[in-house]
1. Using Cα positions and a limit of under 29 Å, work out the lysines in reach of Lys120, with same-chain residues fewer than 8 apart set aside.
2. Report the one residue of Gly123, Ala163, Pro76 whose Cα lies farthest in the direction of the positive end of the charge dipole of the chain (charges on C-beta: Lys and Arg +1, Asp and Glu -1; origin at the Cα centre).
3. Could you work out the helix-only [θ] at 222 nm for the chain, with each DSSP H run of four or more residues adding -39,500 (n - 2.57) and the total divided by the number of residues, to the nearest 500 deg cm²/dmol?
4. Name the residue, out of Asp109, Asp148, Asp61, whose mean-square fluctuation peaks in a Gaussian network model built on the chain with Cα pairs under 10 Å.
5. Which value, in debye to the nearest 20, describes the size of the charge dipole of the chain about its Cα centre when Lys and Arg Cβ atoms bear +1, Asp and Glu Cβ atoms bear -1, and nothing else is charged?
6. Solvent-accessible area per residue for the stretch 32-178 at a 1.4 Å probe radius, Å²?
7. So what is the relative contact order of the stretch 6-82, in percent, for Cα pairs below 8 Å that sit 6 or more residues apart?
8. Taking 45 Å as R0, compute the FRET efficiency from the Cβ-Cβ separation of Ala156 and Ser5 and round it to 0.05.
Amino acid sequence: MTPNSQPQKDKVHAMIRVDHAGEYGAVRIYQGQLDALKGSPCEETIAHMQEQERVHLATFDKFIQDRHVRPTALSPLWHVAGYAMGYLTGRLGEKAAMACTVAVEEAIDEHYAAQEETLKDMGTEPELYKTVVQFRQEELEHRDIGLDHGAEQAPAYALLTGAIKRASKLAIFLSKRI
């Protein structure tokens with residue numbers, strides 16, 4: 001693919017669209033958790049992670065605007081589904097909320113790792129590449145925070161994280177295309 005070819009442009013637009021959707025979903029997940037866990041010891045930690053996700057979202061908002069990328073048509077669904085996932089896991093307790101964080105961030109790590117490799121191979125998107133590398137590291141920090149806060153002690157941890165990872169991967173698949 002030559003730089004700025006239509007297939008390359010389409011691929012980059014799909015990356016920006018799905019990353020924007022993912023960061024939007026993450027903000028909504030953390031909002032649901034904050035509402036469910038108001039006054040809990042982990043409230044400040046969750047608020048910190050949400051603030052980082054807000055910065056990520058603002059960055060992808062700018063990519064969407066500057067490059068005239070069509071956002072996913074699924075944003076209304078992610079608005080509700082992200083919040084519901086966060087709220088429900090928060091209602092299950094702090095450890096379940098942290099298990100949700102671990103599961104989502106592990107799915108996002110795989111996603112960003114693949115994008116990082118693709119962008120590196122393309123060699124024509126240094127700003128997007130740098131953003132993906134930085135945000136991937138911050139998402140891994142969130143995963144580690146979840147683990148440090150007892151995520152693996154959540155009831156039915158393997159079942160919970162497995163379901164959330166599958167849901168996250170489905171959201172990624174759909175947001176690239178729709």
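1. By straight Cα distance, Lys120 reaches Lys9, Lys11, Lys62, Lys130, Lys165, Lys169, Lys176.
2. Value: Pro76.
3. Rounded to the nearest 500, the figure is -29000 deg cm²/dmol.
4. Evaluated over the chain, the most mobile residue of the options is Asp148.
5. 800
6. Computed with neighbouring chains in place, this is 52 Å² per residue.
7. Dividing the mean separation by the residue count of the stretch 6-82 yields 50 percent.
8. Working: r = 47 Å, r/R0 = 1.05.
It comes out at approximately 0.45.
The values are calculated or read from the model by the stated rules, or taken from the named source; none is laboratory data. Remember, predicted model here, so these are calculated numbers, not experimental data. All Cβ positions, even for glycine, are placed from backbone atoms using ideal geometry, and neighbour counts span all protein chains on display. Note: areas computed on protein heavy atoms with side chains; ligands, DNA, RNA excluded. Shrake-Rupley method; radii C 1.70, N 1.55, O 1.52, S 1.80 Å.
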